[in-house]
Amino acid sequence: MSETSPDVLRPHAELHYADELAALDRLDDRDRPPGWKLSPWAVVRYLIGGELSDGTVISPKYVGKQRLIEIAVATLATDRALLLLGVPGTAKTWVSEHLAAAISGDSTLLVQGTAGTTEETLRYGWNYARLLAEGPSEAALVPSPIHRGMSRGTIVRVEELTRMPPEVQDALVTVLSEKVLPIPELDSELSAVRGFNLIATANDRDRGVNDISSALRRRFNTVVLPLPATVEEEIAIVSRRVSELGATLALPDVPAAADEIRRVVTIFRELRNGVTADERTSLKVPTGTLSTAEAISVVTNGLALAAHFGDGELAPTDVASGIVGAVVSDPIHDTVAWREYLEGVVSERPDWADFYDACRELDA
Ligand SMILES: Nc1ncnc2c1ncn2[C@@H]1O[C@H](COP(=O)(O)OP(=O)(O)OP(=O)(O)O)[C@@H](O)[C@H]1O
Ligand SMILES: [Mg+2]
C-alpha cells in the first residue's frame, strides 16, 4: 500500500476509509479466510454500512440488497472467482474496488480490459533491455497485476472483461482453475498464495463487447447488480455520492439540493422505463443509458455551476443542460424522445414550470 498526500484527487478506498477498516479489524472476532484482512461478515458490514459495537459508524458504500454483497463475498472465499455483471452505472467498479480494499487492504491491482489488451497484460511482460542482455531471468520479468496478486495472495480486479478478445480472456482459465501461472521461458510456474482471487466486471449493454467463453464462465460465480429498485433508493445513492464528491472537489457549499436531485432521478427513471411514474403515459426511450452514475454527474456539474456562477443555490437552470446532454446522445432519435417528454410531461407538471422554462431557454 502506498502513502498518499492530501492533494491526491481520488485516494484509493483503503486509504480513504482507513479508519473504518481499522475499526472493523479491531472489533472483528470472526474467522478470517486465509490471506484475508477481515472476516466475510466484516467485509459485508464495510460495504453495506452500519454502527459497530463501539459506536463507530461505517458509511454505506453499496446501497441495495445486502444479500447480493453476501453472495459476492462468500464467492471470493471459495475457489471460484467473482463476475459482477450489469448495465452501465450500477456500481460494478465501485463494489469491486471496495471488496478488494476490505479483503486485501489493497484495491490497486487492476487490469483494464480493452480491445487492445494482450496476454502479456494478464500474465507478464519482459524488460527488453535486460532480456537482450541477460536472456530470460526472474529479474527481466515484468509481473502483471495478476502475477503480483498471485504471489502476494491478494484480490486482483479485471475491469471490462468482455472488452478483451476471447482468446485473451482465455489466458485466465489456467490461472483460475489451476491457480498457477506457467512461465515457460523460465521453465517454471508461479503458484498462487492463499488469499488470491479475481473480481471481474462486465456490462452487457455497451457496443463492442465480446462474449465470455464458456470455459471461463464456469470459473466464475456471477452476481448481477441491478438498477436501484425504487426512486427513493436512487435518490439516496445520488445524494450521498454528490455530497462525497462535492467534498473531495472542494466545491463551495451549496445548500441541500433535494428537490433538484429528486427531479433528475425522476426524469432519468421515467425515460429509462419508457413510462411516467404514475404509469399513465408511455414514453419513447432514449438511446443513452441514463444511469445512476450519470445522474450523479449531472447534479455535481449543476452544483459547480451554482457555486461558481449562480447565487449559491442549485437552480433548475443549473441542471437543465446536463439533463438534456445526458438524454440526447443520438441527435436524431433522442431529440424526438426529449421533445415529446418536455412538451407532453414536463410542461404538464405545475411545480416543474421553472424547469420547463429553463429547458426551453436552452433552445433559444
Ligand atoms: N447501488 C449503488 N450504491 C452505491 N453507489 C452506487 C450505486 N449505483 C451506482 N452508484 C454510484 O454510481 C457511480 C458509478 O458506478 P460505477 O462506475 O461503479 O459503475 P459501473 O457499473 O462500473 O459502470 P460501467 O459499466 O459504466 O463501468 C459510483 O460513484 C457509485 O457510487
Ligand atoms: Mg465500471
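The values are calculated or read from the model by the stated rules, or taken from the named source; none is laboratory data. Note that the coordinates shown come from a computational prediction; the quantities given were computed from them, not determined experimentally. Here the Cβ positions follow ideal geometry from the backbone for every residue, glycine too, while neighbour counts run over all protein chains shown.
Descriptive notes on the structure:
- Restricting the range 24-74 to residues that are among the β-branched types (Val, Ile, Thr) and out of contact with any helix residue (DSSP H, G or I) (no Cβ under 7 Å at 6 or more places or on another chain), the residue that is surrounded by the most Cβ atoms within 10 Å (Cβ to Cβ): Ile71
- Qualifying residue in the range 144-161 (condition: free of Cβ contacts under 8 Å to residues at least 24 places away in the same chain and either over 18 Å from Leu99 (Cα atoms) or assigned to a helix (DSSP H, G or I) (or both)): no
- Taking (1) surrounded by fewer than 20 Cβ atoms within 10 Å (Cβ to Cβ); (2) away from ligand 1 (no atom under 16 Å from the Cβ) in turn, Ala81 satisfies each apart from (1).
- Residue match in the range 223-244 (condition: within 16 Å of ligand 2 (Cβ to nearest atom), part of a strand (DSSP E or B) and buried (at least 16 other Cβ atoms within 10 Å of the Cβ)): yes
- Residue within the range 286-299 that is in contact with a helix residue (DSSP H, G or I) (Cβ under 8 Å, 6 or more places away or on another chain), farther than 30 Å from Ala247 by Cβ and either part of a helix (DSSP H, G or I) or not assigned by TED's automatic domain parsing to the domain that holds Gly86 (or both) present: yes
- Taking the listed residues Glu234, Glu260, the one that is among the acidic types (Asp, Glu) and over 17 Å from Asp318 (Cβ atoms) is Glu234, with no other qualifying.
- Test: residue in the range 329-338 that is in contact with a Phe, Trp or Tyr (Cβ under 9 Å, 6 or more places away or on another chain) and among the β-branched types (Val, Ile, Thr): no
- Flag if Leu303 is assigned by TED's automatic domain parsing to the domain that holds Thr75 and either in a helix (DSSP H, G or I) or over 24 Å from the mean Cα position of the chain (by Cα) (or both): no
- Scope the range 91-106; condition more than 10 Å from ligand 2 (Cβ to nearest atom) and not charged (D, E, K, R); matching residues: His98, Leu99, Ala100, Ala101, Ala102, Ile103, Ser104, Gly105
- Of the residues in the range 201-208, at least one is in contact with a Ser or Thr (Cβ under 9 Å, 6 or more places away or on another chain), in the same structural domain as Val95 (by TED's automatic domain parsing) and either modelled with pLDDT of 95 or more or farther than 30 Å from Arg269 by Cβ (or both).
- Any hit, the range 181-189, residues being of a type in the set (Asp, Glu), surrounded by 16 or more Cβ atoms within 10 Å (Cβ to Cβ) and assigned to a helix (DSSP H, G or I): no
One line per residue, one yes/no per condition, for (1) in contact with a helix residue (DSSP H, G or I) (Cβ under 9 Å, 6 or more places away or on another chain); (2) touching a residue at least 60 places away in the same chain (Cβ under 8 Å); (3) within 13 Å of ligand 1 (Cβ to nearest atom):
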residue	(1), (2), (3)
Ala200	yes, yes, yes
Phe220	yes, yes, no
Pro226	yes, yes, yes
Glu233	no, yes, yes
Ser243	no, no, yes
Val264	yes, no, no
